[in-house]
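Colleague: To start, I am sharing the structure in question, which I have written as structure tokens.
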Amino acid sequence: MSVVLFWVFGIGAVVTGFLVFRLDSMAQVTFALLASFLFVAGEVVLLGLGYLGVVIILMMVMEMVIMAVFMIMYMMNPAGLMPMAMYHNKRASVLISVGTFVALAAGIFVVDWPARSGRPPADTTYALGESLMGPQMLTMMTLGFVLFATILATVLLATSRGRYDRLGDDLRAARADDPVHGGIGR
Amino acid sequence: MTLELFLLLAAGLFAIGLYGALSQQSVVMLMMGLELMLNGVIVAAAAFWYYVAPANADGQVLIIVVITAMAVEMAAGFAVVTAIFRARDVDMTDMAADLAG
């Protein structure tokens with residue numbers, strides 16, 4: 001059963017991943033990528049990591065729904081009505097990616113992988129939590145700071161006119177430098 | 001199911017993502033390629049955890065790190081696209097090649 005599921009999820013993930021760069025509409029592309037993520041989450045669950053699989057499913061559903069909004073914002077080909085061909089350097093890209101795959105596959109079969117040591121714990125989620133709150137606490141704290149820095153950086157980048165644009169670098173301008181002045185003209 | 005099969009799947013996803021990241025002109029599609037590459041890394045990390053060192057949770061922690069990297073990449077990428085689109089009306093990588101060469 002799990003072997004069948006492995007092949008179904010694996011082929012599904014690769015095929016939908018390939019469709020991402022084949023479909024015409026950017027909205028369809030987003031959902032093809034979502035399908036690829038869901039198949040990968042299935043593989044993760046298959047390996048006994050139920051919690052992480054569900055986290056991937058929930059996170060990617062949210063992320064791809066947000067991505068769909070951006071895709072439609074920047075869409076050049078509404079509803080995929082015209083064939084979309086927005087490539088550059090296609091031949092070299094194919095060569096590089098096929099070469100990468102061949103090199104990785106050769107490495108996978110040539111390397112003598114270490115034998116399995118230990119057994120999975122009965123409750124993998126508990127083991128993960130204990131690890132994150134214990135020996136891997138530094139990892140967890142770093143991730144927290146990275147996410148916080150990302151919030152600041154994205155808000156700053158996405159702000160069109162902030163207070164420093166309006167009131168000067170020291171925020172001491174007598175009046176705000178707005179393109180359209182408000183107030184009653186004093 | 002063996003480690004090699006899982007790693008082959010990971011390599012396939014990584015190569016498809018690399019192709020997309022290299023060949024797409026739209027910045028948004030380029031980011032989809034990057035996400036697909038990280039998708040392959042998730043498969044590889046989960047397979048390594050299960051087939052090599054299942055006793056400790058380091059492989060699981062690696063998956064958490066990759067998922068976080070995906071979220072950060074997506075958020076930061078869209079913020080940069082929004083900023084450059086607002087400043088210069090650019091949404092293709094070829095139009096933002098000032099530093100190329």
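Read-outs: derived from the displayed coordinates by stated rules, not from any lab. Quantities reported herein were computed from a predicted structural model and do not represent experimental measurements. Virtual Cβ from ideal backbone geometry, glycine too; neighbours counted across all protein chains shown.
Colleague: Does anyone have the angle between helix A:137-158 and the longest principal axis of chain A? Alpha-carbon axes, 0 to 90°, nearest 10?
Modeller: So the inclination is approximately 40 degrees.
Colleague: From a point 7 Å beyond the Cα of A:Y126 in the direction of its Cβ, which residues of the stretch B:47-79 have a backbone N at a distance under 16 Å?
Modeller: B:55-57
Colleague: Okay, next question. Points 7 angstrom from Cα along the Cβ direction at A:M62 and B:R86: gap in nanometres?
Modeller: For A:M62 paired with B:R86, the spin-label model returns 2.4 nm.
Colleague: Now for a different question. Could you tell me which of rounded, prolate or oblate describes chain A, using a ≥ b ≥ c as the square roots of the eigenvalues of the alpha-carbon gyration tensor, with rounded for a/c under 1.5 and, failing that, prolate when a/b is larger than b/c and oblate otherwise?
Modeller: It comes out oblate by the Cα gyration axes.
Colleague: On average, how many beta carbons from a partner chain sit within 10 Å of the beta carbon of a residue in A:22-32?
Modeller: That average works out to 1.
Colleague: Now a separate question. For labels at A:L138 and A:M73 in the simple 7 Å Cα→Cβ model, what's the distance in nm?
Modeller: If labels sit at A:L138 and A:M73, their model points lie 3.7 nm apart.
Colleague: Sticking with this one: Any idea what the dipole of the protein assembly as shown comes to, in debye rounded to 20, about its Cα centre with Lys/Arg Cβ at +1 and Asp/Glu Cβ at -1?
Modeller: With only Lys, Arg, Asp and Glu charged at Cβ, the dipole is about 380 debye.
Colleague: With angles folded into 0 to 90 degrees, how steeply does helix A:90-110 sit against the dominant principal axis of chain A? Use alpha carbons for both and round to 10.
Modeller: Compared with the principal axis, the helix lies near 40 degrees.
Colleague: Filter the trypsin sites (Lys or Arg not before Pro) in the stretch A:107-185 down to the DSSP loop ones having no more than 15 other Cβ atoms within 10 Å, then list what survives.
Modeller: Answer in residue order: A:R116, A:R161, A:R172, A:R175.
Colleague: Treat each spin label as a single point 7 Å out from the Cα along the C-beta direction, and report the B:A53 to B:A69 distance in nm.
Modeller: Label at B:A53, label at B:A69, 1.6 nm between them.
Colleague: Something else: Tell me, what is the FRET efficiency for A:L171 and A:S117 to the nearest 0.05, using R0 = 51 angstrom and their Cβ-Cβ distance as r?
Modeller: Efficiency, rounded to the nearest 0.05: 0.30.
Colleague: Cβ under 15 Å from A:T150's Cβ, A:T150 left aside: what net charge do those residues give with Lys, Arg +1 and Asp, Glu -1?
Modeller: -2
Colleague: Once you've got the GNM for chain A with C-alpha springs shorter than 10 Å, pick whichever of A:A41, A:A153, A:A122 has the biggest mean-square fluctuation.
Modeller: A:A153
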